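Comments concern the structure below.
The values are calculated or read from the model by the stated rules, or taken from the named source; none is laboratory data. Since this is a predicted model, take the numbers as computed values, not measurements. A quick note on method: Cβ atoms are made from the backbone with ideal geometry, for glycine too, and the neighbour counts reach across all protein chains shown.
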Amino acid sequence: MIIQTRKSYKYRIYPSRAQITNLENQFSMCRHLYNWSLAERKAAYKQSGESISFYTQSMRLPALKKERPWYKGVHAQVLQDVLRRLEKAYRSFFRRVKNGEAPGFPKFKKRGRWNSITYPQYRALPSGRISVPKVGEIKTVHHRKIPEEAKIKTMTISRQGCKWFACFSVELALDVEPKQDLQRCVGVDLGLNDFLYASDGSHVPAPKYLRRSLAGLARLQRRLAKAKKRSARYYKLLRAVQKCHYRVRCRRNDWLHKAANDLLARTDVICCEQLNVKGMSRRPKPIRGETDPMSCLKRRTRIFSERAGVAPARFTHKRVIQGFSRLF
């Protein structure tokens with residue numbers, strides 16, 4: 001059975017100082033474009049009760065470049081992707097309103113909250129160097145190859161902490177043969193104090209990477225609060241705080257990959273509960289930063305199982321499986 005799937009290949013890149021300055025300027029211009037477009041939509045709705053679409057704002061980009069010539073330093077498709085992100089935020093807002101969820105209206109992006117640009121029609125395969133439009137050639141750590149039959153859909157340049165990455169989203173056809181004799185069935189009970197208990201008796205304790213880093217993080221944040229705003233020391237401490245959060249994120253991701261692969265290696269069918277994680281973390285006492293890995297584990301287990309053909313997708317979906325309680 002051949003399935004079409006989307007997969008990401010992420011590479012570490014090392015831009016020069018001039019290229020870093022160029023990328024940061026592009027981030028700033030994209031952020032301003034997002035804020036201006038959001039303000040335009042809000043003003044139009046307030047005055048006439050009409051909403052401005054993505055296509056209307058996209059048609060105004062050539063005029064924007066004439067009014068603000070510095071926007072010629074940003075690729076046209078990158079600017080269109082900024083407007084597409086705003087359109088996606090609006091659609092998500094209306095979807096949440098329709099479903100009765102917390103709406104969360106799109107907000108303005110303040111300084112430092114825009115850390116990526118996307119090229120929707122990038123097609124070149126990466127190697128030791130990648131050619132980025134309006135930036136130049138950037139040195140790349142090419143640690144793995146993208147299959148030749150894969151079709152590159154987008155390329156995103158992002159900054160995470162103090163590191164830079166290039167992420168290629170590709171469309172790939174996988175030849176997967178699902179197993180027919182599914183005998184190893186396991187039920188998973190997720191919790192907060194203990195990450196999971198399985199029906200086969202295995203137990204995985206909750207990762208507490210954030211709690212282990214709280215002392216050092218609090219010390220850095222106290223120094224940052226006392227530093228003079230926008231001074232050299234202020235930005236140095238800000239980068240240190242970002243690096244601390246980035247390390248916690250990397251440790252969680254590594255742990256989740258290993259936990260999901262270990263669970264799939266010894267089971268054929270995985271049954272999970274549908275839990276209200278936010279409600280669980282709110283009562284009786286708030287849990288600090290350790291609830292997100294639960295949903296991430298479910299999502300990654302489902303994705304890995306579909307690619308490997310270990311179990312049909314319906315067995316790893318986020319819903320209650322009938323007979324789940326009988327497994328314990």
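Taken as a whole, region 256-274 holds at least one residue that is farther than 22 Å from residue 161 by Cβ, hydrophobic (A, V, I, L, M, F, W, C) and touching an Asp or Glu at 6+ places or on another chain (Cβ under 9 Å).
Residues in region 135-158 that are under 26 Å from residue 79 (Cα atoms), basic (Lys, Arg) and at pLDDT below 95 were compared, and the one that is surrounded by the fewest Cβ atoms within 10 Å (Cβ to Cβ) is 151. For region 123-144, the criterion of being within 20 Å of the chain's Cα centre (by Cα) and of a type in the set (A, V, I, L, M, F, W, C) is met by none of the residues.
Rundown of residues vs (1) part of a helix (DSSP H, G or I); (2) over 23 Å from the mean Cα position of the chain (by Cα); (3) surrounded by 15 or more Cβ atoms within 10 Å (Cβ to Cβ), yes/no style:
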{"position": "6", "(1), (2), (3)": "no, no, no"}
{"position": "11", "(1), (2), (3)": "no, no, yes"}
{"position": "19", "(1), (2), (3)": "yes, yes, yes"}
{"position": "24", "(1), (2), (3)": "yes, no, no"}
{"position": "33", "(1), (2), (3)": "yes, no, yes"}
{"position": "51", "(1), (2), (3)": "no, yes, no"}
{"position": "56", "(1), (2), (3)": "yes, yes, no"}
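So that you can scan it fast, the table gives a plain yes or no per residue for (1) under 30 Å from residue 138 (Cβ atoms); (2) at pLDDT below 80; (3) more than 25 Å from the chain's Cα centre (by Cα):
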| position | (1), (2), (3) |
| --- | --- |
| 166 | yes, no, no |
| 176 | no, yes, yes |
| 179 | no, yes, yes |
| 192 | no, yes, no |
| 208 | no, no, no |
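Going residue by residue through region 38-56, is there one that turns out to be at pLDDT below 95 and under 25 Å from residue 159 (Cα atoms)? No: zero hits.
Residue 96 meets each of the listed conditions (1) closer than 21 Å to residue 54 by Cα; (2) surrounded by 14 or more Cβ atoms within 10 Å (Cβ to Cβ); (3) modelled with pLDDT of 95 or more apart from (3).
Among residues of region 204-220 that are within 19 Å of residue 262 (Cβ to Cβ), those with a Cβ under 8 angstrom from a residue that is outside any loop (DSSP other than H, G, I, E, B) and at pLDDT 90 or above, sequence gap 6+ or separate chain, pair up as 207/251; 209/248; 209/251.
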